[in-house]
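Working notes, beginning with the structure itself.
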Amino acid sequence: KNEEALEILEIAIELNPKSPRVHHKKGLILLRSGKHKEAMRLFDTAIRLDSNYIPVYLDKGTAFCHSRKWKKALECYNKGISLGSTDPQFHVSKGLTQRNMRDFGDALKSYDKAINLGAKDGKTCLLKAILLTDMERYEEAIKWSDRALALR
């Protein structure tokens, strides 16, 4: 399935080599296939073509996370946010990265921002509950765990 998609995207790149979207989409498939370095090259191409193409920054940040390059990942998430993204996933991913860096206070702010932007799904609530447990704020963690369960 991924091979078919990659073939189609390769044709799309040949037809429209200046489209950041097709480079990004191909990079996303490669990222999901575990080919992080190849994906990163395509993300960089998409950014070179249009540095204001917001979606690529989320996936480039994810690629950096796979390599445990937390600061680089944060730079990508912050860039997408600074360009005006209202996608709550930027803040969820930023929070996960901050938690990995043991920056719990900022991670909590990122999760709260994601929730305020509409990420009221069980996953985000559970991530916040786990973070609150890390912070030894157990009663709040229980409340957020209950919210996560209610949203399942």
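Can you work out which of the residues in region 122-145 that are in a loop (DSSP other than H, G, I, E, B) and open to solvent by less than 90 Å² (accessible area, probe 1.4 Å) is nearest to residue 95 (Cα to Cα)? Checking each candidate, the answer is 135. For residue 148, the conditions (1) surrounded by 17 or more Cβ atoms within 10 Å (Cβ to Cβ); (2) at pLDDT 95 or above are fulfilled apart from (2). Reported count of residues in region 45-69, each being open to solvent by less than 50 Å² (accessible area, probe 1.4 Å), part of a helix (DSSP H, G or I) and not hydroxyl-bearing (Ser, Thr, Tyr), is 10. Are any of the residues in region 82-103 more than 21 Å from residue 123 (Cα to Cα), in a helix (DSSP H, G or I) and out of contact with any Lys or Arg (no Cβ under 7 Å at 6 or more places or on another chain)? Yes, region 82-103 has at least one match.
Residue-wise test of (1) surrounded by 16 or more Cβ atoms within 10 Å (Cβ to Cβ); (2) charged (D, E, K, R).
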site: 78; (1), (2): no, no
site: 91; (1), (2): yes, no
site: 94; (1), (2): yes, yes
site: 98; (1), (2): yes, no
site: 101; (1), (2): no, no
site: 113; (1), (2): yes, yes
site: 116; (1), (2): no, no
site: 120; (1), (2): no, yes
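Inspection of region 12-31 identifies at least one residue that is closer than 23 Å to residue 121 by Cβ, assigned to a helix (DSSP H, G or I) and of a type outside the set (Phe, Trp, Tyr). Residue 92 fulfils the conditions (1) under 12 Å from the mean Cα position of the chain (by Cα); (2) more than 20 Å from residue 135 (Cβ to Cβ); (3) not polar (S, T, N, Q) except for a single criterion, (2). For region 14-73, a residue qualifies if it is modelled with pLDDT under 95 and on the phi > 0 side of the Ramachandran plot, and exactly one does: 34.
The values are calculated or read from the model by the stated rules, or taken from the named source; none is laboratory data. Treat the numbers as computed from the prediction; the structure is a model and nothing was measured. Quick reminder, even Gly has a Cβ in these numbers, built from the backbone with ideal geometry, and neighbours come from all protein chains shown. Surface areas here come from the heavy atoms of the whole protein model, side chains and all, with no ligands, DNA or RNA. Shrake-Rupley method; radii C 1.70, N 1.55, O 1.52, S 1.80 Å.
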